[in-house]
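First comes the structure, then the notes that go with it.
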C-alpha cells in the first residue's frame with residue numbers, strides 16, 4: 001500500500017466511525033426536543049420520563065461524536081497538508097463558521113440542558129434542547145457545504161497554485177450542497193427514529209411501560225415513514241444533480257461501462273466490477289436508470305469508458321475510473337436498506353392504525369434488529385459519495401495523490417491508523433455496552449421537576 | 001484594514017481563551033483524584049466542570065478551524081509537522097472527554113477508578129502536548145524553503161517547547177485547584193486550597209523563567225506588556241492565598257495562564273512558525289494567509305458570532321455559578 005492509500009484508509013476509517021454517531025445525535029436531538037416539547041405542553045409525566053430516558057441515550061452518543069470530531073478537524077492538516085494549502089482559502093471558511101456559529105451553540109446548550117433541570121425556568125429549559133438540535137443541524141450544514149465544494153467546486157478562482165474564495169454565496173448555494181444537505185438531514189432523522197423505534201420495540205416485547213413506549217414508537221414511526229420516503233426521493237434527485245457534475249460517479253455506481261439510451265437499472269448482478277465490462281445481469285428494470293439519473297424516460301447516461309476517454313483528453317493521461325465494485329454495491333446497500341426501513345415503517349404504521357403494535361411480536365422483533373440498517377445505509381451513502389469522486393480529492397482540480405502531507409511518512413501514518421483503530425474499537429465496545437445497558441433499563445420514575453430555585457441542589461449528571 | 005493581522009489577533013485570542021477556559025477543567029481533571037478521597041467527593045469535583053467543559057473545548061476546535069481558514073499554510077505545516085504530538089493529543093482529549101461522560105454511568109468502583117485514571121492522564125497530557133507544540137512554533141523547527149517540515153521526532157522535542165509544556169500544565173493545575181476552591185464546598189475546597197498553596201510558587205517560578213527564556217529568544221530587553229501581565233498574574237496568585245480571596249485568585253490564575261499563552265503569539269508576530277534551518281524560511285502572517293476576500297468574509301462572521309458566543313457562554317457560567325456541596329451529588333449517579 002502506498003502512503004496515499006494509507007492516508008485514504010485512515011480518513012475513511014475515522015470518518016465512517018465518526019458518522020456512526022453523528023446522525024444518531026442529530027436525529028435523537030430533534031426527537032428528544034419533540035418529547036420535551038410534548039411534556040412542556042401537556043405536563044404529562046410520561047413525556048418527561050421519555051425525555052429523560054432518550055436524553056440519556058443522546059448524551060452517551062454525543063460524547064463519542066464530539067471527541068471523534070476533533071480527529072476529523074485535525075487530520076486535514078496532519079495527513080493532507082498539501083490539500084489544506086490548496087483549498088484552505090475556500091474550504092476552511094465553512095469549517096471555521098461551523099465552529100463559531102454551530103458547535104459552540106450545540107456544546108454550550110447541551111451543558112445547559114443536561115444540568116439545567118430545576119435550575120432554568122421550564123420554558124428556557126425547553127429552548128436549550130431545541131438549541132442543541134438546531135446547533136447539530138447547523139453544524140451539519142457547514143460540513144456539507146465544505147464537502148460539496150470538493151464534489152463540485154464553485155465560487156473560487158485559481159491563483160498562485162491554490163483555490164481562492166471569490167463568492168461565499170456561491171459556496172452556500174452550491175446545488176450539490178442544497179440537495180446533499182437535505183438528504184443527510186433526512187437520513188439522520190431516519191437514523192434517530194429507527195434507534196427510538198428499536199428501543200421502544202424491545203420494551204414493548206417485554207411489556208415494560210408499554211403505554212409510554214407505545215407513544216415513543218408512534219412518534220418514531222411518524223418521523224420514519226415520511227422521513228425514509230423523503231430521503232429516497234431527495235436522494236434520487238441528488239443523483240440527477242450528481243449526474244450533471246460528476247457523471248463518472250453515477251456511471252461507476254451503476255457499473256455502466258458503455259453509454260446507454262435508454263438505460264435499464266441493474267438490481268443485482270454478478271461481476272461488472274473493476275475491469276469486468278461484461279457482468280452477468282440477474283435482474284434489470286428497463287428505463288429505470290434513465291429515469292433516476294436524468295429524470296427522463298429515455299435519458300442518456302454516459303458510460304465509464306467514454307467518460308474516461310473524455311477526461312484523459314481534458315486532464316491528461318491517467319485512469320479516472322473509481323473502484324466500480326465499491327461504487328456499485330455502496331449504491332445498492334444504501335438504497336436497499338433505505339427501502340427495507342421504509343417497508344418496516346409502513347408495516348409499523350399499519351399496525352398502529354389497527355392498534356395492534358403491542359401484540360405483534362414479529363414486528364417488534366424485527367424492529368429491534370432494524371437498528372443496524374441505518375448504519376449500513378449511512379456508511380454506504382458516504383462510500384458512494386467519496387469513493388465515486390476518486391481519483392480526485394477536489395473534482396477536476398486536485399488529485400487525491402497530490403493532496404497528502406509531504407513530510408509525513410508511511411510509518412507515521414501506519415502508527416496513527418493502529419492507534420486510532422485500537423482506541424476506536426475499545427471506545428465502540430464501551431459506548432455500545434453503555435447504550436444497550438441504558439436502552440434496556442426501565443423508564444425512570446416520574447420525579448417532579450420543581451420550580452427553578454437557585455439554592456436547590458443541582459442535579460448531578462456525572 | 002489589515003485582515004491578516006485581525007485574524008492573527010483572533011487566532012491568538014482563541015488559543016488564549018481556550019487555555020483560560022479549558023485550563024481549569026484540565027486542572028480539575030488532573031486533580032480530582034487528589035482533592036476527592038471518596039467517590040462522592042471525586043464526583044463533586046468532576047460535576048463542578050460538568051456543564052462547562054464541552055463548551056470550553058470548542059475553543060480549541062475553533063482555534064484550529066480558524067487557522068485552517070485564515071492561515072492554511074500555517075495550519076498545514078504545523079499540523080503535519082507536529083503529527084506524533086497531535087496523535088497523542090487527540091488520544092488524550094478523546095479519552096478524557098469520554099471519561100467525563102461515562103465515569104458516572106456505572107456504579108462499579110472499578111469502572112469509576114479506571115475512568116478516573118484516564119481522566120487524570122488525559123488532562124495532564126493534553127496541555128503538556130499543546131504547550132510543546134506552541135513552544136516549538138516560537139523556538140523553531142527545521143522547515144525548508146517550500147514551508148515543509150524536514151526534521152524528525154527529536155526536532156519536535158525542543159527543550160524550550162518542553163519547558164513551555166511544563167509551565168502551562170502546572171498553570172492549568174493551579175487554575176483548576178483555584179476553580180475548585182471557588183466552586184465546591186469542604187472538604188474538597190480545603191484540599192484544593194492546600195494544593196493551590198503548593199502549586200502557586202512552583203507556577204510562579206516557572207512563569208518567571210518562561211518570561212526570561214522567551215525574552216532571550218527575542219531582540220531587546222523589554223518583554224512587553226503581555227509577558228509582564230503573565231508574571232504579575234502568577235505573583236498575585238501566590239499572594240492571594242487567603243480562603244476568602246478565591247475569586248480574585250481565579251482572576252489571577254486566568255491572567256497568568258492567558259498571558260503565558262498570548263506571550264508566545266505576541267513574540268511570534270509577524271512570524272507564525274520559526275524555521276530553525278534559515279530565518280528566510282520562516283512562515284509569516286503574509287506568506288501563509290488566505291486571500292483578502294476570504295478573510296473579509298470570515299471577519300464579518302466572527303464579528304457577528306463571537307460576541308454571541310461570549311454572551312451565551314457567559315450566561316451558562318452565570319447559571320451554574322453557585323458553589324456545589326456534597327449534598328448536590330449525594331445520591332451519586
| query | Just for segment A:413-442: of the residues that are without any contact (Cβ under 8 Å) to a residue 40 or more places away in the chain and facing another protein chain (nearest Cβ under 9 Å), which one is nearest to residue A:208 (Cα to Cα)? | reply | A:437
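Just one of B:118, B:124 is more than 9 Å from chain A (Cβ to nearest Cβ), farther than 29 Å from residue B:273 by Cα, assigned to a helix (DSSP H, G or I) and within 19 Å of the chain's Cα centre (by Cα); which is it? Outline the logic, then answer.
On the way: B:124 fails: farther than 29 Å from residue B:273 by Cα.
B:118 is the lone residue from the list that is more than 9 Å from chain A (Cβ to nearest Cβ), farther than 29 Å from residue B:273 by Cα, assigned to a helix (DSSP H, G or I) and within 19 Å of the chain's Cα centre (by Cα).
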| Got a number for residues in segment B:131-150 being more than 12 Å from chain A (Cβ to nearest Cβ) and within 20 Å of the chain's Cα centre (by Cα)? | 8
| request: Please determine, by comparing only the residues of segment A:278-305 that are in contact with a helix residue (DSSP H, G or I) (Cβ under 8 Å, 6 or more places away or on another chain) and surrounded by 15 or more Cβ atoms within 10 Å (Cβ to Cβ), which one is farthest from residue A:322 (Cα to Cα). | output: A:299
| task | Within segment A:352-365, count every residue that is assigned to a helix (DSSP H, G or I), within 13 Å of residue A:201 (Cα to Cα) and without any contact (Cβ under 8 Å) to a residue 40 or more places away in the chain. | result | 1
| query | If only one of B:214, B:150 is crowded, with 20+ Cβ neighbours inside 10 Å and either farther than 23 Å from residue B:93 by Cα or in contact with a helix residue (DSSP H, G or I) (Cβ under 7 Å, 6 or more places away or on another chain) (or both), which one is it? | reply | B:214
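Rundown of residues vs (1) closer than 30 Å to residue B:44 by Cα; (2) within 11 Å of chain A (Cβ to nearest Cβ); (3) part of a loop (DSSP other than H, G, I, E, B), yes/no style:
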| position | (1), (2), (3) |
| --- | --- |
| B:263 | no, no, no |
| B:267 | no, no, no |
| B:293 | no, yes, no |
| B:314 | yes, yes, no |
| B:317 | yes, yes, no |
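So that you can scan it fast, the table gives a plain yes or no per residue for (1) under 30 Å from residue A:161 (Cβ atoms); (2) more than 25 Å from the chain's Cα centre (by Cα):
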position	(1), (2)
B:251	no, no
B:257	no, no
B:266	no, no
B:293	yes, yes
B:300	yes, yes
B:316	no, no
B:328	no, yes
| note | Picked from segment A:406-418 (must be surrounded by 15 or more Cβ atoms within 10 Å (Cβ to Cβ) and under 27 Å from the mean Cα position of the chain (by Cα)), the residue nearest to residue A:85 (Cα to Cα) is A:413
| Out of the residues in segment A:69-81 that are in a helix (DSSP H, G or I) and more than 7 Å from every other protein chain (Cβ to nearest Cβ), which is farthest from the chain's Cα centre (by Cα)? | A:79
| said: So, residue B:88, is that one facing chain A (nearest Cβ under 7 Å), touching a helix residue (DSSP H, G or I) at 6+ places or on another chain (Cβ under 9 Å) and at negative phi or not? | reply: no
| request: Give segment A:314-334 a look and list any residue that's surrounded by 20 or more Cβ atoms within 10 Å (Cβ to Cβ), under 16 Å from the mean Cα position of the chain (by Cα) and farther than 21 Å from residue A:196 by Cα, or say none. | output: A:330, A:331
| field | Boolean, residue B:221 is farther than 19 Å from residue B:163 by Cα, without any contact (Cβ under 8 Å) to a residue 24 or more places away in the chain and either away from chain A (no Cβ under 14 Å) or crowded, with 22+ Cβ neighbours inside 10 Å (or both) | value | yes
| message | Out of the residues in segment B:100-115 meeting the condition of being free of Cβ contacts under 8 Å to residues at least 24 places away in the same chain and surrounded by 20 or more Cβ atoms within 10 Å (Cβ to Cβ), tell me which one is nearest to the other protein chains (Cβ to nearest Cβ). | response | B:101
| task | Answer yes or no as to whether residue A:361 is in contact with a strand residue (DSSP E or B) (Cβ under 9 Å, 6 or more places away or on another chain) and away from chain B (no Cβ under 14 Å). | result | no
| note | Among (1) within 19 Å of the chain's Cα centre (by Cα); (2) free of Cβ contacts under 8 Å to residues at least 40 places away in the same chain, residue A:371 falls short only on (2)
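I want to confirm something. Restricting to segment B:153-187 and keeping residues that are closer than 22 Å to residue B:252 by Cα and in contact with a strand residue (DSSP E or B) (Cβ under 9 Å, 6 or more places away or on another chain), which single residue is surrounded by the fewest Cβ atoms within 10 Å (Cβ to Cβ)?
Taking segment B:153-187 first, the residues closer than 22 Å to residue B:252 by Cα are B:163-185.
Those left that are additionally in contact with a strand residue (DSSP E or B) (Cβ under 9 Å, 6 or more places away or on another chain): B:183-185.
Details: B:183: 25, B:184: 26, B:185: 14.
Per the stated criteria, the residue is B:185.
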| field | Selected residue (only one of A:142, A:109, A:115 is surrounded by 22 or more Cβ atoms within 10 Å (Cβ to Cβ) and more than 30 Å from residue B:321 (Cα to Cα)) | value | A:142
| request: Return the only residue of A:178, A:95 being out of contact with any helix residue (DSSP H, G or I) (no Cβ under 8 Å at 6 or more places or on another chain), closer than 30 Å to residue A:232 by Cβ and assigned to a helix (DSSP H, G or I). | output: A:178
| Quick check: anything in segment A:70-90 within 28 Å of residue A:196 (Cβ to Cβ) and either in contact (Cβ under 8 Å) with a residue 40 or more places away in the chain or surrounded by 23 or more Cβ atoms within 10 Å (Cβ to Cβ) (or both)? | yes
| task | Can you tell me which residue among B:11, B:20 is touching a helix residue (DSSP H, G or I) at 6+ places or on another chain (Cβ under 7 Å), within 12 Å of chain A (Cβ to nearest Cβ), surrounded by fewer than 24 Cβ atoms within 10 Å (Cβ to Cβ) and assigned to a helix (DSSP H, G or I)? | result | B:11
| said: Anything in segment B:239-249 that is part of a helix (DSSP H, G or I) and crowded, with 20+ Cβ neighbours inside 10 Å? List them, or say none. | reply: B:246, B:249
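Since every read-out is calculated from the coordinates, none of them should be taken as a lab result. Predicted, not measured: the structure shown is a model, and the values here were computed from it. Quick reminder, even Gly has a Cβ in these numbers, built from the backbone with ideal geometry, and neighbours come from all protein chains shown.
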